[in-house]
Amino acid sequence: MKKYDYLIVGSGLFGATFAYMAKQRGKKCLVIDKRRNLGGNLYCENIEGINVHKYGAHIFHTSNKKVWDFVNSIVEFNRYTNSPIANFRDELYSLPFNMNTFYQIWGVKTPKEAKEKIEEQRYDVLQKMKAEGVLAPRNLEEQALLLVGKDIYNKLIKGYTEKQWGRPCVELPAFIIKRLPIRFTFDNNYFSDRYQGVPIGGYNELIGGLLKNIETKVDTDFFVDRTYWESVSDKIVFTGKVDEFYNYCFGKLEYRSVRFEEEILNTANYQGNAVVNFTDIDIPYTRIIEHKHFENFGQDVYNIRNTVISKEYPIEWKEGIEPFYPINDEKNMKLYNLYKELVDKETSVLFGGRLAEYKYYDMHQIIDKVFSLF
Ligand code: FAD
Ligand code: UDP
C-alpha cells in the first residue's frame, strides 16, 4: 500500500482544486511545491495592509455558474470589475476597445459611425489578404487590423503585444488578440463574463480554503528526488513543465516571463485605477498595477496612507525564473505535440494546468478542467 492516493506536484489553482475534489471523494493527497509559498501564480503577500498579487494581477471572471458557485463556496468575492486604462504617449484610452475608445481616438459618437470608421481602417489589410487569396487572418497583426483597423492597432496593440511577447505581431497566433472583447457600447468592462471579482482577503483565502486539512510541503522540487516522490503514491498529478518531466528529450519549450518591480509609494492613490497599460514600445514595462484598487469594496483602502505598485517587465524565460506564458506559436506547438504523444501513453500520471498542458488557461477554465476530470 502506498502512503497517498495522489501526489500532486504544484500547489497552483489546478493542483489545489484537484486536491480539494479528491479529498471530498475520500482520497488521500500530498501536495508539494518548489516555491516557498502555496498557490502558484495566485499567491498574494500582505504589504502595508494591501494584498499584493506577487505573480501578476489576477481577476476572476467566468460565465460558468457552477465554477462561480464553487469558488464562492470557498471564499466570498468582491464586486471588482476590471477596466484598464491604456496610456499611449500620455494620451489615455479606455479598454477594452469600446465606444469610449472609439470616441477618444476618432471622435465618433454612435456605433454606426464607429463601424464605418473601422471598415475604412481595415480596407488595406482586406485588400492585401484578397490579393494573396487568404480567407482567414494568418497572424495577430492581420487579426487585429481586421477587428479594429490600423489606428487602434498602431496605438494600443502593436507596441504592447510586441513588448509582452518579445516577437513581432506577424509571428504571433491570431487567437491571443481575440481574448479581448470589442464592443459597440459604452462599456469599459474588460471581460464579457457574467460573474467577476477578487476574493475578499486575497487569493490566499481561496487557496487556503481549497487546501484545508490537506498535507502540503513547500520548498520541495519534485525533480530533486524524483524516484522517492514517484514511490509515495499510486498516481501523480503533475502541474509543472511538461518538457522538464521528460528531461527535455525533444528540446525545450519556450515561455514568456515577467519581472515585477514593486514599489511602496507614500501616496494614498497613485494612478486612480488598478491597471494602467503602457502601449508604446519605448516604455519598457507593459503595465503598472496599483494593488489597493482591487479591494476598495466595503472597506476604504484609501485610508491607508501608502500604496503598492508593480511594474511588469516582460522577459524571455530562462532556467531559474518563473515560466508564465506558454508561447503557442507554430514552432513550439510542434514540439509540444511530441511531448503530448508521451503524455497520452501515461497511465499513472495526469498532466494539468498552464505548464503541463502548455496552454493559455484562465483561472475559471482551470477549475472547469478539474471538474471534467471528476
Ligand atoms: P501555476 O499557478 O503556475 O502553478 C503551478 C505550480 O507548480 C507552481 O506553484 C510551481 O511552483 C509548481 N511547480 C512547478 N514545477 C514544480 C516541481 N518540479 N516541483 C514542485 N512544484 C512545481 N487568469 C485569470 O483568470 N484572470 C487573470 O486576471 C489572470 N491574470 C494573469 C496574470 C499573469 C501575469 C499570469 C502569468 C497569469 C494570469 N492568469 C489569469 C492565469 C492564471 O495564473 C492561471 O490560470 C493559473 O495560475 C494556472 O494555474 P496552474 O495551477 O496551472 O499553474
Ligand atoms: N493587448 C494589447 N493591448 C493592451 C492589452 C492587451 O494589445 O492594452 C493584447 C496583447 O496582445 C495581449 C492580449 O491582448 O497579449 C491579451 O490580453 P490580456 O489582457 O488577456 O493578457 P493576459 O491576461 O494574458 O496578460
Segment Arg36-Ser192, length gained on full extension (0.36 nm per residue, minus Cα span): 52.7 nm
Spatial separation of Cα centroids for region 306-340 and region 210-280, in angstrom: 11 Å
The chain, relative contact order [Cα under 8 Å, separation at least 6], %: 26 percent
Backbone HN-Hα couplings from phi across region 189-199 [Karplus 6.51/-1.76/1.60, Hz, Gly and Pro as x]: 6, 5, 10, 9, 5, 6, 10, 7, x, 10, x
Relative contact order for region 258-313, counting Cα pairs under 8 Å that sit 6 or more residues apart, in percent: 51 percent
Nearest-0.05 FRET efficiency for Ile47 and Asp69, computed from C-beta distance (R0 35 Å): 0.65
Mean Cβ neighbour count within 10 Å, used as a protection proxy, ranking 18-30, 152-164 highest first: 152-164, 18-30
Unit Cα scatterers, Debye sum, the chain: log10 I(q)/I(0) for q = 0.13 Å⁻¹: -1.16
Separation in nanometres of the label points that stand 7 Å from Cα toward Cβ, at Lys128 and Tyr246: 3.6 nm
Relative contact order (%) - region 189-312, alpha-carbon pairs under 8 angstrom, separation at least six: 22 percent
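Bear in mind that the values in this text are calculations on the coordinates, not laboratory data. Not measured: the values here are computed from a predicted model. Reconstructed Cβ throughout: ideal geometry from the backbone, glycine too, with neighbour counts over all protein chains shown.
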